[in-house]
Amino acid sequence: MKKLDRKIINDSSNIKKMKEYFLWRYLAVAACVCLIIVVSVITIQKILNRSSESQKTKEFFTIENGVLLSYTGTDTNVVIPDTVTAISADALKFSPSAALITTVTLGKSVKTIDEQAFMGLNALKAINVPKGNNCFDFSDGILASIDGSLYISTVATQSDSDAFSAFLGKIQSGVTSNIKFSHFVIDNAILTMHFDEPSYDPNLFITSLTAFGHTITFSDPTAIYGNFTIQAFQAQNCFVFSKLSNSVGNTWIFRTDGVYSFDNTSNYTLDYAYNDSIVTFFLNDDRTLGYKRTLRKYLQSQAVGGEIEFCTGRDEFCCEYGSVSWNEASPIYIPQSSYTVSDVFDLNELFDKWHQTVNLKIDTLDEFLTFNAKKYKKGN
């Protein structure tokens, strides 16, 4: 009887343990099922949200036969759909956020881009090229077509000469033997260039320039290689293009009301034009147009120490810096800082070099300046 009682007690204990085991197992399975359901619901919701967002994003793109005609969304980081094969002129200009767009990512299928495609995007810093797109490359702030037919700069390069310098660094690797013309876009300006024998050490000529709705065609195409500097930059309300050698040359300023040219190459003979003012332009940090005015006689001389040749005194005016405003068709120069010849040069060092160059019979700087003051007019 006692043995039977113990067996019944043991059986009851085992049954209780089994019930507890199956209960916990059931709870564990139920918890896993609930977790799977929750994760599935969240995943499905994310997929639906992405699909909805993607659908909404696509609604902002107008695409016909693979050509992106316009984008009217408000994203400042625009991703071009992979269905796009070409981007037309002013495609992003109609976005309410056009002036705030900082990056554009091309689609994998984009093969051609109109030179005016990104005009009006004044905050554009980068044009990303995804893996799989073998038609374009972006580096050093410039988007380049692999065949060398198109170069587009971004704000990262748009200082007084950085954009053009970066462009020159790219053309050697970007030009192919079958390209005769190329377009270089800087902000809202388009430089059209012709390659002469592009397959070998290309000689590149600028044939025309379009900005602010105006185009000039150079009857004598401007070579970009030589003993001179090309400047091309956009300031507020104007685009400036210059070809200068030691600050002397030609400058064109494009505005909505016309194109204004500045030629300071005439009367270059220093014997009677030494006090002429030479004006050059540059881009201020706030993107306003600045200028520098220098007396011709104080531009870098080809003769050693020659800058002092026409100097009449230690305190004579040398150069000034300022800002540019416009009165209808005429620029107004507003001086902001002025420098004497002593501020810019070490006159004693220049005199010693000039003394040796021309074998002067005058032995001291003061005697030389006194002599010049009687012979030449003082500059201002």
For Tyr321, net neighbour charge (Lys/Arg +1, Asp/Glu -1) across residues whose Cβ lies under 10 Å away = +1
Length gained, Thr357-Asp90, 0.36 nm per residue minus C-alpha separation, equals 90.3 nm
Could you work out the local net charge near Pro331, counting Lys and Arg as +1, Asp and Glu as -1, over the other residues with Cβ closer than 15 Å to its Cβ?
-> -1
Per residue value of the accessible surface for the range 274-358 (all protein chains in place, 1.4 Å probe), Å² | 50 Å²
To the nearest 10 square angstrom, what accessible area does Thr62 show with a 1.4 Å probe?
-> 60 Å²
Using R₀ = 25 Å, calculate the FRET efficiency as 1/(1 + (r/R₀)^6) where r is the Cβ-Cβ separation of Lys378 and Asp286; round to 0.05.
-> 0.15
Calculate the spin-label point distance for Asp257 paired with Ser323, positioning each point 7 Å from the Cα along the beta-carbon direction, and give it in nanometres.
-> 1.9 nm
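The values are calculated or read from the model by the stated rules, or taken from the named source; none is laboratory data. Predicted model only: the values in this text are computed from it and were never measured. So basically every Cβ, Gly included, is an ideal-geometry build from the backbone, and we count neighbours across all protein chains shown. When the accessible area is computed, the model is the full protein with side chains, heavy atoms only, and any ligands, DNA or RNA have been set aside. Shrake-Rupley method; radii C 1.70, N 1.55, O 1.52, S 1.80 Å.
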